[in-house]
Amino acid sequence: MIPLRMTTSPLILDDFLPFRLSFTSNLVSNSIARTYAALFGLTIAEWRLIAVIGESDGITQAVIGSRTRMDKVTVSRATIALVERGLLSRAYNPGDGRSQLLQLTVTGRDLYAQVAPKALELERRIFAQLEAAEIDRFVTTLRRIDAIVLEMEGD
């Protein structure tokens with residue numbers, strides 16, 4: 001367990017764990033974003049929508065926001081862009097008349113079929129130098145952090 005710093009210690013940003021998480025996340029996301037922009041013309045938000053929608057038969061923008069932790073405006077803008085490109089369609093949501101279900105179009109499914117393997121390839125390249133046990137511990141730790149923060153948000 002990492003010892004907590006004394007409250008009188010100065011804040012050193014590079015040693016501040018929330019900053020380290022954000023920094024590393026941004027580094028990985030930006031690397032992937034450059035690849036997706038070059039290959040598919042997609043932003044980070046757009047490829048996340050393609051991935052999340054590709055895993056479902058129909059999903060609302062609110063659920064996408066909840067699953068990805070992207071804000072409503074980001075999800076809305078990415079949705080509009082993908083609908084305009086003919087990659088997404090909107091359908092009536094029988095469970096809630098105020099929202100719409102988003103689905104990949106045939107063209108969107110074709111793109112998903114290209115994006116998904118590329119995502120897995122990029123993941124393999126980024127994490128290839130780590131042992132499987134290290135990755136398992138890392139994922140377990142990330143999920144524990146998720147749970148702790150979500151619990152704190154409920155306080």
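Given the DSSP H assignment, sum -39500 (n - 2.57) over each helix run of at least 4 residues in the chain and divide by its residue total; what's the result at 222 nm in deg cm²/dmol, nearest 500?
-22000 deg cm²/dmol
Using Cβ counts within 10 Å as a stand-in for footprinting exposure, how do L142, L88 rank, fewest first?
If I rank by nearby Cβ atoms, fewest first, I get L142, L88.
Pairing the Cα long axis of helix 44-54 with the longest principal axis of the chain, what angle in degrees results, from 0 to 90 and rounded to the nearest 10?
60 degrees
Find how many whole Å separate the alpha carbon centroid of segment 42-84 from the alpha carbon centroid of segment 99-138.
Centre-to-centre distance over Cα atoms comes out at 15 Å.
Which value results when the Cα radius of gyration for the chain is divided by 2.2 N^0.38 Å?
1.24
Got a sec? Charge dipole of segment 34-129, +1 on Cβ for Lys and Arg, -1 for Asp and Glu; which of F40, V63, T74 is way out at the positive end?
Selected residue: T74.
By count of other Cβ within 10 Å, fewest leading, how are V83, V149, V75 ordered?
V149, V83, V75
Using the Karplus curve 6.51 cos²θ - 1.76 cosθ + 1.60 with θ = phi - 60°, what ³J(HN,Hα) values do you get for each residue of segment 17-25, in whole Hz, with x for Gly and Pro?
For segment 17-25, the Karplus-derived couplings read 4, x, 5, 4, 4, 5, 4, 5, 4 Hz, x marking Gly and Pro.
We did not get these values from a lab; they are worked out from the coordinates using the rules stated. Every value quoted in this text rests on a predicted model; they were computed, and no experiment measured them. We place every Cβ from the backbone using ideal geometry, glycine too, and count neighbours over all the protein chains shown.
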